[in-house]
1. Go through Val153, Val148 for me and flag whichever is free of Cβ contacts under 8 Å to residues at least 24 places away in the same chain and crowded, with 18+ Cβ neighbours inside 10 Å.
2. Across the stretch 138-162, what is the number of residues that are in a strand (DSSP E or B) and touching a helix residue (DSSP H, G or I) at 6+ places or on another chain (Cβ under 6 Å)?
3. Please identify the pairs in which a residue from the stretch 192-220 that is at pLDDT 95 or above has its Cβ atom under 6 Å from the Cβ atom of a residue that is part of a loop (DSSP other than H, G, I, E, B) and hydroxyl-bearing (Ser, Thr, Tyr), counting only partners at least 6 apart or on another chain.
4. For the stretch 178-197, name all the residues that are more than 18 Å from Phe251 (Cβ to Cβ) and touching a Leu at 6+ places or on another chain (Cβ under 8 Å).
5. At pLDDT 95 or above, more than 17 Å from the chain's Cα centre (by Cα) and among the small types (Gly, Ala, Ser): which single residue out of Ala235, Ala225, Ala295, Ala305 fits that description?
6. So for the stretch 16-32 (the condition being buried (at least 17 other Cβ atoms within 10 Å of the Cβ) and touching a strand residue (DSSP E or B) at 6+ places or on another chain (Cβ under 9 Å)), does at least one residue qualify?
Amino acid sequence: MLRSALIAASRSAGCRTLVERTPLLRPIVDRFVAGSDVDAAIRIAHELSRDRLVTLDHLGEDTLDRGQAEQTVEAYRTVLARLADEGLGGRAEVSVKLSALGQALPVDGDKIALDNTRRICEAAAAAGTTVTVDMEDHTTTDSTLGIVRALRVDFPGTGTVLQAYLKRTEADCADFAGPGSRIRLCKGAYDEPASAAYRDRSEVDASYVRCLKVLMNGQGYPMVATHDTRLIDIAEHLAAEAGRARDTYEFQMLYGVRPQVQEQLAGRGLRMRVYVPYGTEWYPYFMRRLGERPANLTFFLQALARR
Ligand code: FAD
């Protein structure tokens, strides 16, 4: 219930104003967000890339403004040029949200998002790296997968995300387990109805394992995005059972979450990628992170009470 309330708050303008105007929250925000500009993102990418891989996310989502979608494309072109200049193209890629690129526009949203993401894919190819398309709430899944399929014709390395909490996802994993596919499997971060998603934690975890089996036994490149160490152990076991070499799959975690586990996995020679968000539009991303662990919320409420 708490998680649902925080996800609802992530879309509330009033809560946004309150949270953004509470300076005491800044240290908690900084734990999850690399900084407000491209320099901060590049600095963190350099630090992490000593032992880990990186995916950079320019924060922003749900735009209904075509000009803002255009600015998002430019922000990605800028960061991709910097990755190339700094020799980071082999260690860092980018993650994009289609709702920041025009998907939700009332007229031609899918086409605009496809064209915009294509321009980011071109810049990524020029920088020697790839793009992964994040997955948002379930009403966008079909549109997102359609756009990813279209992008993969010219940019076969384009990755996407499948969410284990959705009942459809095991079948989607089978569809996307072919050669060259890059699928990030996560549990899912939105508040979804019982008609579309498992709502019980144990059901979500069971679905995650079923999806992992499909991906690990497929011909693509599974990206195991979770901080759940039990699922990480299972993923390693399934990869070994499928005869996978260590460079044929990777683990992924969010910036600021379980950094010691990240280091341990990287130290054992496993491929470990960190999702690093940066930018000024941190509010919805931050609220989703708060809902994922009760301790995060305790710090948050203490800071709000002291304002
Ligand atoms: P949980 O059971 O939630 O967590 C396991 C343990 O990890 C917790 O007990 C806690 O100790 C720790 N932990 C987890 N989250 C936090 C946190 N925020 N703060 C502190 N500790 C925490 N979701 C989408 O819907 N779409 C996406 O495109 C997407 N991309 C993602 C990319 C990456 C690289 C990762 C790691 C996650 C992504 N997610 C995405 C979020 C994901 O769906 C989950 O909401 C999130 O990862 C928490 O689930 P979990 O697997 O870590 O398991």
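The values are calculated or read from the model by the stated rules, or taken from the named source; none is laboratory data. Computed from a predicted model, the values in this text were never measured in an experiment. Every residue, glycine among them, receives a Cβ derived from its backbone with ideal geometry; neighbour counts consider all protein chains shown.
1. Working: Val153 fails: crowded, with 18+ Cβ neighbours inside 10 Å.
None of the others qualify; the one that does is Val148.
2. So in the stretch 138-162, the residues in a strand (DSSP E or B) come out as 159-162.
Next cut, touching a helix residue (DSSP H, G or I) at 6+ places or on another chain (Cβ under 6 Å) only: 160, 162.
Qualifying residue count, the stretch 138-162: 2.
3. Ala197/Tyr165; Tyr198/Tyr165; Val204/Tyr165; Val204/Tyr198; Ser207/Tyr198; Gly220/Ser181
4. Taking the stretch 178-197 as the starting set, the residues that turn out to be more than 18 Å from Phe251 (Cβ to Cβ) are 178-180, 190-197.
Glu192, Ala196, Ala197 - these are the residues of the stretch 178-197 that are more than 18 Å from Phe251 (Cβ to Cβ) and touching a Leu at 6+ places or on another chain (Cβ under 8 Å).
5. Values: Ala225 fails: more than 17 Å from the chain's Cα centre (by Cα); Ala295 fails: at pLDDT 95 or above; Ala305 fails: at pLDDT 95 or above.
After applying the criteria, what remains is Ala235.
6. yes
Results for (1) modelled with pLDDT of 90 or more; (2) part of a helix (DSSP H, G or I); (3) of a type in the set (Asp, Glu), shown as yes or no for each residue.
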position	(1), (2), (3)
Ser4	no, yes, no
Leu25	no, yes, no
Asp30	yes, yes, yes
Ala41	yes, yes, no
Glu47	yes, yes, yes
Thr55	yes, no, no
Ala69	yes, yes, no
Glu74	yes, yes, yes
Leu83	yes, yes, no
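Here is a yes/no grid of residues against (1) over 18 Å from the mean Cα position of the chain (by Cα); (2) within 15 Å of the ligand (Cβ to nearest atom):
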residue	(1), (2)
Thr117	no, yes
Asp134	no, yes
Asp137	no, yes
Asp142	no, no
Val161	no, yes
Arg182	no, yes
Asp200	yes, yes
